[in-house]
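Note sheet for the following structure.
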Amino acid sequence: MFQLDIVTLFPEIFNLTLNKGVIGRAIKNDLIEIREWNPRDFTKDKHKTVDARPYGGGPGMVMMYEPVCAAINKAKEKHKNSKVIFLTPQGKQLNQAAVVEFSKLDGMILVCGRYEGIDERIIESKIDEEWSIGDYVLSGGEFATLVLIDSVCRLLPGVLGGKNSANEDSFVDGLFDYPHYTRPEEINGRLVPNVLKSGDHEEIRRWRLKHALGKTWRARPDLIESIKLNDEQKMLLQEYIEEFENL
Ligand code: 6GU
């Protein structure tokens, strides 16, 4: 069972979201176990203080060493093999390759920051890795943690229904997904591409690969640059570009 321990001042965020859908079913089927640890429960003063003003001055508050570390230690007691991850805009940027590596772990202890940050000595003494979900600022690590949990859990054995569901995802080969169509055949004059109704599996494969390449090229030329296309992919992308430019 994959162990997820979340250190957060707002555990309700997780109870409300993770008990639904794919992750909710994985919890019910004992494929993953999720526990929240609130630093506030580890305070010793009567006001249950978890934050204080920054040395050196400046705006906002900083999460204090003691209650956060006590929460991490409690999680570690049960799951000493879990990796301790701090979600922060100052971390390495998450991508699918990193998500695949996380899915091979025994578990993760996910530390969510709030306010202006957490005392640096928590990072020095307790955190194994710092990760960000992109170059923009959130008010806390909770939503980043949800993103990480969702992306990792759907790769765990048994979590997705079909055996190949996760293997056919976007980014598995470094490309976007191909376009999808379902009933009805026509919507306000927009038709389903004929090839998808042809039953010709080879033609369908080529059409999907061509459009996956084309979509990626249009939105993320940097991704196209970063992968080595094989001869078929080069030819299909060239076809797509010529058709696109003649539109
Ligand atoms: Cl992990 N945390 C916060 N607070 N903001 C972020 C982030 C994480 N990743 C991108 N922005």
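The values are calculated or read from the model by the stated rules, or taken from the named source; none is laboratory data. A quick note: this is a predicted structure, and the numbers were derived from the prediction, not measured. Here the Cβ is made from the backbone with ideal geometry for all residues, glycine too, and neighbour counts use every protein chain on show.
Remarks
- No other residue among Gly24, Gly58 is in contact (Cβ under 8 Å) with a residue 40 or more places away in the chain, assigned by TED's automatic domain parsing to the domain that holds Ile123 and not basic (Lys, Arg) apart from Gly58.
- Residue within region 76-91 that is in contact (Cβ under 8 Å) with a residue 40 or more places away in the chain, within 12 Å of the ligand (Cβ to nearest atom) and among the polar types (S, T, N, Q) present: yes
- Identity of the residue in region 193-245, in a loop (DSSP other than H, G, I, E, B) and among the aliphatic types (A, V, I, L, M), that ends up nearest to Gly174 (Cα to Cα): Ile227
- Filter result for Thr8 (hydroxyl-bearing (Ser, Thr, Tyr) and touching a strand residue (DSSP E or B) at 6+ places or on another chain (Cβ under 7 Å)): yes
- Residue count, region 92-109 (criterion: surrounded by 14 or more Cβ atoms within 10 Å (Cβ to Cβ) and within 10 Å of the ligand (Cβ to nearest atom)): 1
- Where a residue in region 235-247 is assigned by TED's automatic domain parsing to the domain that holds Glu225 and its partner, wherever it lies, is surrounded by 13 or more Cβ atoms within 10 Å (Cβ to Cβ) and not in a helix (DSSP H, G or I), with Cβ under 8 Å and at least six apart: Leu237/Leu229
- Of all residues in region 55-89 being among the aliphatic types (A, V, I, L, M) and under 23 Å from the mean Cα position of the chain (by Cα), the one that is nearest to Ser132 (Cα to Cα): Leu87
- Residue match in region 165-179 (condition: within 16 Å of the ligand (Cβ to nearest atom) and among the aliphatic types (A, V, I, L, M)): no
- Only listed residue being in contact with a Ser or Thr (Cβ under 6 Å, 6 or more places away or on another chain) and closer than 18 Å to Ala26 by Cα, chosen from Leu110, Leu87, Leu155: Leu155
- Selection status of Tyr115, within 16 Å of the ligand (Cβ to nearest atom), at pLDDT below 95 and of a type outside the set (A, V, I, L, M, F, W, C): yes
- Which listed residue, of Ala70, Ala75, Ala98, is closer than 13 Å to Ile149 by Cα, modelled with pLDDT of 95 or more, not in a strand (DSSP E or B) and not acidic (Asp, Glu): Ala98
- Contacts under 7 angstrom Cβ, first residue in region 130-152 being farther than 12 Å from Leu87 by Cβ, partner more than 8 Å from the ligand (Cβ to nearest atom) and at pLDDT 95 or above, 6 or more apart: Asp150/Ile23; Ser151/Val99; Val152/Val99; Val152/Phe102; Val152/Ser103
A quick yes/no check of all residues on (1) surrounded by fewer than 18 Cβ atoms within 10 Å (Cβ to Cβ); (2) farther than 27 Å from Ile72 by Cβ:
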| position | (1), (2) |
| --- | --- |
| Val111 | no, no |
| Glu120 | yes, no |
| Glu129 | yes, no |
| Asp135 | yes, no |
| Asp150 | yes, no |
| Gly158 | yes, yes |
| Ser165 | yes, yes |
| Val172 | yes, yes |
